[in-house]
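Below is one structure; the comments refer to it alone.
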Amino acid sequence: MTVDRTTDADMAAQFERIIRRVKASMSYRGSYSTRDILGALVARWVHSGEWQRLRALPPAERHIGPSVRRFILDRLEQVRGRGEPVEVDALALPSDDDLVEQVETAELHVWLADRVAELQRGEVDARMRIPLAHPIEVGEVLARALRGFTQRRIAVELDIALGLVNRRIAEGTSYLVVLRGIEEGIEGILGEEAMS
Amino acid sequence: MSGDLLAELREIAAAPVGSWRSLVHQRYAGDAELIRQALLWLAAERAGADDDATPQAEIDPRYELVARLDTGATATVWQARDRTLQRTVAIKLFHDRGSNAVSSVIGEARAACDVISDHVVRVLDAHHGERSYIVMEMVGEHDATGALVPGLPASDTRPRSVREAARWVMQIARGVHDAHLRGVFHRDLNPRNVLITPISRRARIADFGLAARERTGAACMRGTPGYLAPEQARGGARDPVAMDVWGLGAIAYDLLAGHAPWVGAPGDEGETGETGETGDEPWDRATSGAPPPPLRRAIPRTLRRIVERALALDPAARYASAAEVGDELAAFLDRRPTSHDRARVRRVWLWSARNPQVALTGIVALVLLGLVAGAVWALEGLRAEGRALAVELDVQRAEEERIAHSVQATRDELAAIEQRLAHRNRDLTALAERIDVERAAHVVTIAAKEGALQQATYEARALLGQIDDVRADQAVAESTGRVFERIWASARHEADTATHERIRIQGERDSAIAELAELRLRLEQLQRELERLRPLPPAPPSTANNLPEQEELAPHGDFAEVL
């Protein structure tokens, strides 16, 4: 058996990207900074249906950045009508690349919430080959983690040990990462030669 | 089989990372899907392990990490031992390894280290490098066994009573004011950033991650969505004091209501949590221009007013400083009048609550005074009543005497009446005797009159029979009269008819006479014509003279027959 070492870096990069995005989406709370509050607006844009429309277009014609930017500015303009003037022009909006990243993060957050809801119902995705023990408990822990609860608060609410909360979060995160990899298609990372 | 697969994967995970791919291919050859999932699972586990691992190597050796206290979105907090000063500290280790973390660490550390307050967690040290972290005072207390019990965020430790919630917010307000005096403005006050000591249950502010050092500056649009001041959510916040006063009100609201001002109560429609991207988000509510839902009425009104004023939508309508909030809450806790207690009765009530012994003594004295006054009043009333009874007794005695005299007079009068009655009885007896005599005479008279009456009755009956006969005769006469009347009417009718017939015949006779006269004239004319035409032989005059007489008599004879 031969293993194609040249793809190790690519594979690691993609794995790292999936893991990073899943983790970022899990801790995505729209708090603390202007960037995060704008992120919440980006999430609103994703739900507005515009993203669905653009996703149907070829990547070169999507122009996500201008669309999101226009949506955010419109939203801030609406808010400005309700109170004191806001220095909309003074707000530094993220770059187009960052906006795209935020859109994907927001979208991924919705996907994660759906999967966690499935776990809470005890449903494990049939495509998953690696078993997940205690899916309901994992779902309950992850649901609270997604809502921004600290691990201590989760432990108090579910009446379980803090260490167990940590373990359930780790197990659930691994499950979600693998499932996301299946969703995005990870076969391209490993060449057919490597598979054989 | 499932357990075996997990055990195998964990065995592979224990091997060097570089060998994972070979081991996975070796063990699951031919199952490409499982290989892909296994490799990704191993990578995720390693990432999780990195998070879980004690990052002692990334920390200054001076600090020995003892236990992980909590993990949040941006950092993990560890309990650590300061080997140099032999004390327990808390280390906030940021997840982010980039430049953002460095600026956060430096900004937070610089802001917090300037604040010296019993109600603010002190920052002792800060490091920025591969992993940035802040060394802070450990908020915790030793229990009875000597073990250190760490403090918990206020979001995880609910107050045991309304007064405890008010006391926490008062302590936080004191700490915020201390920070303001040092030119540090927190700008992100919420229950997560407040630690509660486990035994004495005091509140201390932590996490100055968004703190500002200048009171005036560019518009700010940062914070935690559920606790954002309205002007903060709109990005137009310029007064950090007003923002922190709002933050104090928001913490009080959360502790009293059980949820953040801009996050609906559990069970509300549209609630999706602080991260909810759908429905009515906290950010939407904060910018809606509507105030947070009112606190429940079970909470003391004064405390509600304090929270409502701190949460005024207009920054100018809020308390001017955090110290003012603290003073108001201290007054509420000490049962002193706040700016919302202006009614005199309310102030007296609060004074009584504040000085229960004096108030109780006063109340007892007032009650005793009232009792004495009541007794005196009652005694005086009894005396007046006695005097009135004596007067009434005299009146009654005089009345008795008058009644006795009256009784005697009545008795005398009765005796006189009895005498008169005796006389009257005698008169009545005599009268009765006379009546008996007259009654006997009257009976005789009645008998005589009855006999006469019977005789008159017989005569009347005879008269009645005669009257009946007369009436019958009269009826016959009337009937006969009616027959005669009818005959008379018929005879008159026939007479009228005959009269009419006679008149008619008279008319006809007159007509016949007129016709006869006319015929006579004609005859005369004819005779004269005849005479004129006839030759002259004269006719014997007797014949000629008789003829006209015959003709004249003939008609008369006819008319007589007709009539």
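Data table
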| quantity | calculated |
| --- | --- |
| Alpha-carbon Rg with Dmax, taken over segment B:398-447, Å | 21.1, 69 |
| For segment A:163-172, 3J(HN,Hα) per residue [Karplus equation, 6.51 cos²θ - 1.76 cosθ + 1.60, θ = phi - 60°, Hz, x = Gly/Pro] | x, 5, 4, 4, 5, 5, 5, 5, 5, x |
| Accessible surface of residue B:114 - all protein chains present, 1.4 Å probe, nearest 10 Å² | 50 Å² |
| Rg/Rh for segment B:108-169, where both radii come from Cα atoms and Rh is the Kirkwood radius | 1.06 |
| Where B:64, A:118 fall by accessible area, highest first, once all protein chains stay in place (1.4 Å) | B:64, A:118 |
| 10 Å Cβ neighbours from other chains, averaged over peptide A:169-178 | 5 |
| Three-way shape label, segment B:364-469, alpha-carbon gyration tensor, a/c 1.5 | oblate |
| Accessible area buried at the A-B interface, both sides summed, 1.4 Å probe (Å², nearest 100) | 5600 Å² |
| Principal semi-axes in Å for segment A:110-179 [√(5λ), Cα gyration tensor, largest first] | 20, 12, 10 |
| Nonlocal amide H pairs with residue B:65, under 5 Å, H built at 1.01 Å | B:81 |
| Residues of segment B:33-48 buried by at least 50 Å² on assembly (accessible area, 1.4 Å probe, chain alone as reference) | B:36, B:37, B:40, B:41, B:44 |
| Under-5 Å amide H pairs with residue B:126, H placed in peptide plane, nonlocal only | B:135 |
| Residue-by-residue Karplus 3J(HN,Hα) for segment B:192-204, coefficients 6.51, -1.76, 1.60, Hz, glycine and proline x | 5, 9, 10, 9, 10, 5, x, 9, 6, 6, 10, 9, 9 |
| Amide H partners (placed H, <5 Å) of residue B:140, local residues excluded | B:151 |
| For segment B:499-513, 3J(HN,Hα) per residue [Karplus equation, 6.51 cos²θ - 1.76 cosθ + 1.60, θ = phi - 60°, Hz, x = Gly/Pro] | 4, 4, 5, 5, 4, 5, 5, 4, x, 5, 5, 4, 5, 5, 5 |
| Accessible area (Å², 1.4 Å probe, nearest 10) - residue B:9 | 0 Å² |
| Segment B:2-50 - convex hull of alpha carbons, volume per residue in Å³ | 70 Å³ |
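The values are calculated or read from the model by the stated rules, or taken from the named source; none is laboratory data. These figures come from a predicted structure and were not determined experimentally. Here Cβ is always computed from backbone atoms with ideal geometry, including for glycine, and neighbour counts include all displayed protein chains. Side chains are part of the model used for accessible areas, which takes the heavy atoms of the whole protein and leaves out ligands, DNA and RNA. Shrake-Rupley method; radii C 1.70, N 1.55, O 1.52, S 1.80 Å.
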